[in-house]
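Colleague: Submitted below is the structure of interest, expressed as structure tokens.
Read-outs throughout are calculated quantities, based only on the coordinates presented, and are distinct from any laboratory measurement. This structure is a prediction, so every number in the text was calculated from the model and none was measured. As a convention, Cβ positions derive from the backbone with ideal geometry for all residues, glycine included, and neighbour counts pool all protein chains shown.
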Amino acid sequence: GQPYNQRFLKYLKYWQENDIVGSCAQTDVKGNRALRPHEQADPDLYLRVIEYRDDGIVVRGAKNHITAAAVAEEIIVIPTRMLTPEEDEYAVAFAIPGDWDGVKLVTRASSHKREHFSCPAGDFGDVENFIIFDDVFIPNDRIFLGGGKGEHAFGGWTALLFALYHRHSYTGCKPASSEIILGFSALVSEYSGIEDKKHVQSKLADLISVSELVYAAGIAAAYKSTKDDSGTMIPDAVFCNVGRKHAGKNYYHELEILADLAGGLPATLPYEADFYDETIGPLLQKYIKRKEDVPAEDIYKLYRALSDMLCSSIGGVSAVAGLHGGGSPQMEDVAILKGYDLDLRKKMAKYLAGICED
């Protein structure tokens, strides 16, 4: 066997001692979704080893939807799915510097700087990357899984374990996103004078329920975790996946509530320059008013933030990420069913129905 564990521990020490910023590249471009990696018309649609050398390997392929790779010091590459014996060459995991020879980053920035009204909700960026590995050489000391004979099983295990941890992280970070949506929903209701209306209270309670149920699933997953032989704690797969599924299933519903309470102004809000214009500005300040004790500028600031959340490029990216980040809903269903004992539940149903076991 290869000394993958020793290599990784050495790399981990390097990472910790140098306070590295990293980006994990897992999702392959996948080609025809109905076909496995080795069945694709173009075998490079899943990243794979194309050459084995004494001093390393050469890989070819692409990874998509990779956050922050353009600003990361290191890119860690792992497989994206379970693999079969015909797919050893796809069982590859390694780490390289972000500016490594042959690595091409196609980058999309999803926000722009404001002219006025600088604020925490607007002063951040999101960079998503399409990473192309154009016949890239990986030296042995940076290979943690090298696509060798029989290594397909380890490739699948690596893919699933990363997805599990990613989904567990979502049960912590996604409730925070829900709380932001909740806060904006409550604030726009207050500024509009409707915060005490029954339908508003019901919608706010709905948002709270989503946030806290997802967070509770994450706590349960951690509490029910098991210790691996390496000493690493592995969170409970069912709780991780039901939490992530509940978060993703409800994200557009949460945005719908926010849009419902905000009305149409996030989509039609005048530009900042108009708000500051000597002639039209005072009129906008007059007619944008809602509750009389709330300054017009505060109302504009709120709706500018709502426009960013609901109608901007970064808002759209965040919404899709809320659904698909950490794995698609279908893969969460697969993981939930794999980890759940349905036979036991059928036995319970038979007992309660008076059906005798064979």
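Colleague: Add -39500 (n - 2.57) for each DSSP H run of 4 or more in the chain, then divide by its residues: what number comes out at 222 nm, to the nearest 500 deg cm²/dmol?
Modeller: Details: 11 runs with 174 residues, N = 358.
The per-residue figure over the chain is -16000 deg cm²/dmol.
Colleague: Additional query: When ranked by the protection proxy of mean other Cβ atoms within 10 Å per residue, highest first, what sequence do the peptides 102-109, 168-175 form? Let's see the in-between values first.
Modeller: Numbers: 102-109: 13.9, 168-175: 21.1.
Ranking, from highest mean packing down: 168-175, 102-109.
Colleague: While we're on this one: Do you know the Lys pair count in region 166-249 for C-alpha distances under 29 Å, with sequence separation 8 or more or different chains?
Modeller: Here the count comes out as 15.
Colleague: A follow-up question, please. Find how many whole Å separate the alpha carbon centroid of region 39-91 from the alpha carbon centroid of region 228-267.
Modeller: With region 228-267 and region 39-91 each reduced to a Cα centre, they are spaced 29 Å.
Colleague: Separate question: If you fit an axis through the alpha-carbon atoms of helix 329-338 and take the longest principal axis of the Cα set of the chain, what angle between them do you get, 0 to 90°, nearest 10?
Modeller: With both axes taken from Cα atoms, the answer is about 50 degrees.
Colleague: While we're here: I need the GluC sites (Glu not before Pro) found in region 248-355, filtered to DSSP loop residues with at most 13 other beta carbons within 10 Å of theirs.
Modeller: Details: sites: Glu254, Glu256, Glu272, Glu278, Glu292, Glu297, Glu332; in loops: Glu278, Glu292.
For GluC sites (Glu not before Pro) across region 248-355 that sit outside H, G, I, E and B with at most 13 neighbouring Cβ atoms in 10 Å, the list reads Glu278, Glu292.
Colleague: So which trypsin sites (Lys or Arg not before Pro) in region 5-39 end up in coil per DSSP with only 16 or fewer other C-beta atoms within 10 Å?
Modeller: Working: sites: Arg7, Lys10, Lys13, Lys30, Arg33; in loops: Lys30, Arg33.
Those satisfying the criteria are Lys30, Arg33.
Colleague: Only Lys, Arg, Asp and Glu count, each charged at its Cβ (+1, +1, -1, -1), so figure out the dipole size of region 4-147 about its Cα centre, rounded to 20 debye. Don't skip to the end; give the middle numbers.
Modeller: Details: 16 positive and 24 negative charges, 82 e Å.
Dipole about the Cα centre, nearest 20: 400 debye.
Colleague: Relative to the longest principal Cα axis of the chain, at what angle does helix 152-192 sit, 0 to 90 degrees, rounded to 10?
Modeller: The angle comes out near 0 degrees.
Colleague: Might you report the magnitude of the Cβ-based charge dipole of the chain about its Cα centre, with Lys and Arg at +1 and Asp and Glu at -1, to the nearest 20 debye?
Modeller: On the way: 38 positive and 52 negative charges, 199 e Å.
Charge dipole, the chain, about its Cα centre: 960 debye, nearest 20.
Colleague: Using only Cα atoms, tell me the angle between helix 342-353 and the longest principal axis of the chain; keep it within 0 to 90° and round to the nearest 10.
Modeller: So the helix axis and the longest Cα principal axis differ by about 70 degrees.
Colleague: What full-extension length gain, to one decimal in nm, is calculated for Asp298 and Cys173 as 0.36 nm per residue of separation minus the Cα-Cα distance? Mind showing how you got there, number by number?
Modeller: Numbers: separation 125, 0.36 × 125 = 45.00 nm, distance 2.77 nm.
Length difference between fully extended and current span is 42.2 nm.
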